[in-house]
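Data first, discussion second: the structure below is written as structure tokens.
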Amino acid sequence: MLNQELPKIITKTVPGPKAAELIKQRDEETPAAIHCGYPCVMDEAQGAMIKDVDGNLFLDWVGGVGVLNVGHSHPEVVAAVKAQADKYMHGMFNIVTHEGYVKLAAELNKRVPVRGDKKQTMFANSGAEADENAVKIAKAYTKRPNIIVFSGAFHGRTVMTMAMTSKKAYAVGMGPFPDGVYRAKYPYLYHRPAELTEEEAIQMDIDSLTDVFEEASPAEYVAAVVLEPLQGEGGFIPAPIEWVRKVREICDAHGILMIADEVQSGFGRTGRLFASEYWKEAGIMPDIIASAKSIAGGVPLSMVTARKEIFDAVPNGVIGGTFGGNALACAAGLKVLELMDRDHLPERSLEIGKKYMDTVNSWKEKYAVIGDVRGLGGMVGVEFVKDQETKEPNGEFVAKLVADAAQHGLLIENAGTHGQVVRFLAPLVMTDAQLDAGLAIFEASIRRVLGLE
Ligand code: PLP
């Protein structure tokens, strides 16, 4: 079974001949703007493993960028989608009601940790759509025009979410952008000024949030603050709980809604079904959660959950869309939730994350390029630096590492403003032997790129 295999490269280099041919055709037929340098052309995938068209076996630690927490083509998800396809595939939800949508919403309403006794959920197709709908819903409820987002944030590639996203390389030449999007500092404690304690750095970042009320938008015009519980593209940076608490207090003081963007951190990734469960355990809850990626095991789906009172303020027809909550996607989503519970995947995320973190941390003394290892559960980032003292980002090293690891059958991806972080998003169904094999390739790649082998 492919899902039990270990990484193995059988061609001289990758891409092998068949993969090279398809990559060549890809370059002809599809725009360069959506390409990447990875040499893997999939033939079949199961669990954490991808077999390419030349028979090479890759261990996938990217998981479709956080989409495959239940693994590639989980057989029970596949069966659920096939069974649904036999019955019907689509019925636009505001025309035809279908059971999968209603049942998945009901299951999520039981689980999603937002404020309120009576919760409701709507579905869309992508993370950006979920975030954009969450903002629209917050504006409708508060009747306010502005939002606050953070440095390092990534929220997507629609016009609104490009405006919300921090890294402007994702938005070159795409303006003008919507007005009313203001930015405060996200706490990046590893890079805090050396003279500040963690508490002082958190306070400084909080001051940058309240400064927005003075310098950009009075608080009474702010509908929502949108934050990632653990920044993904920004560099796998967990939000310190005391910072989250202060943000929540500020929101409460000014009637501002708190939106958690759990597009990447949701569905078991961090050791909980949602990362904001850690907030709940500390007595803090957002008003709205937007999530996507791993929700339906590889079928496009995203969600927004909030209390009914908030949704009730949205005029009919303002949110939704043709494919949102498609029947195949909802069938997959219901199965994913069942697997999360039955197979204890959030707990497995904790196990995998701990082993990965402990191992990489133990390399810090050997390899001076490793600056910081951080995360929650199985959502872990390793920040590479030119110097452990100056912490200067080392994106060049990561680029070489990603390329070298792929040559040896391990797929990893970068993150962070300078591409200086390696992110760990392995499917949570990965076996222990696969984890060990991946760590061995990862270390050997570090050594090769350092010229030690
Ligand atoms: N929000 C976060 C936190 C993300 O990580 C992403 C994608 O990486 C998005 C939003 C956008 O999701 P999508 O690419 O599905 O539109």
### Task
For residue 184, enumerate residues with amide H under 5 Å from its amide H, sequence gap 5+ or separate chain, H modeled in the peptide plane.
149, 150, 151
### Query
Any idea of the accessible area per residue across segment 339-453, 1.4 Å probe, to the nearest Å²?
39 Å²
### Query
So who's got an amide H within less than 5 Å of the one on residue 371, skipping anything under 5 residues away but keeping other chains? H placed 1.01 Å off N, in plane.
383, 384, 385
### Message
Is there a quick way to get the dipole size of the chain? I mean about its Cα centre, with the Cβ of Lys and Arg at +1 and of Asp and Glu at -1; what is the value in debye to the nearest 20?
### Response
820 debye
### Cα→Cβ-extended label distance, 7 Å offset, between residue 89 and residue 111, nm
2.7 nm
## Note on the structure
Once residue 439 and residue 6 are pulled to full extension, the length gained, defined as 0.36 nm per residue separation minus their Cα-Cα distance, is 154.7 nm
### Query
Treating the beta-carbon of each Lys and Arg as +1 and of each Asp and Glu as -1, no other charges, what is the dipole magnitude of segment 77-342 about its Cα centre, to the nearest 20 debye?
1040 debye
### Between segment 147-195 and segment 283-305, the Cα center-to-center distance that results, in Å
20 Å
### Summary
The ³J(HN,Hα) series, computed from each phi in segment 219-226 with the Karplus coefficients 6.51, -1.76 and 1.60 at θ = phi - 60°, rounded to the nearest Hz and given as x for glycine or proline, is 3, 6, 9, 9, 7, 7, 10, 10
### Query
222 nm [θ] for the chain, helices only, -39500 (n - 2.57) per DSSP H run of 4+, per residue, to 500?
-12000 deg cm²/dmol
### Query
Once the dipole of segment 77-342 is set up with Lys and Arg at +1 and Asp and Glu at -1 on Cβ about the Cα centre, which of 301, 289, 240 lies farthest towards its positive end?
301
### Task
Once you have the Cα-Cα distance between residue 403 and residue 32, take 0.36 nm times their residue separation minus that, and quote the gain in nm to one decimal.
131.7 nm
### Query
Quick one: with all protein chains in place, what share of the accessible area of segment 77-342 is carbon or sulfur, to the nearest percent (1.4 Å probe)?
55 percent
### Query
So, with +1 on the Cβ of K and R and -1 on the Cβ of D and E, and no other charges, what is the size of the charge dipole of segment 217-328 about its Cα centre, to the nearest 20 debye?
280 debye
### Message
Quick check: pseudo-label points 7 Å beyond the Cα along Cα→Cβ at residue 220 and residue 355, how many nm apart are they?
### Response
5.7 nm
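The values are calculated or read from the model by the stated rules, or taken from the named source; none is laboratory data. Quantities reported herein were computed from a predicted structural model and do not represent experimental measurements. Cβ sites come from the backbone with ideal geometry, for glycine too, and all protein chains shown count toward neighbours. All accessible areas refer to the heavy atoms of the entire protein, side chains included, with ligands and DNA or RNA removed. Shrake-Rupley method; radii C 1.70, N 1.55, O 1.52, S 1.80 Å.
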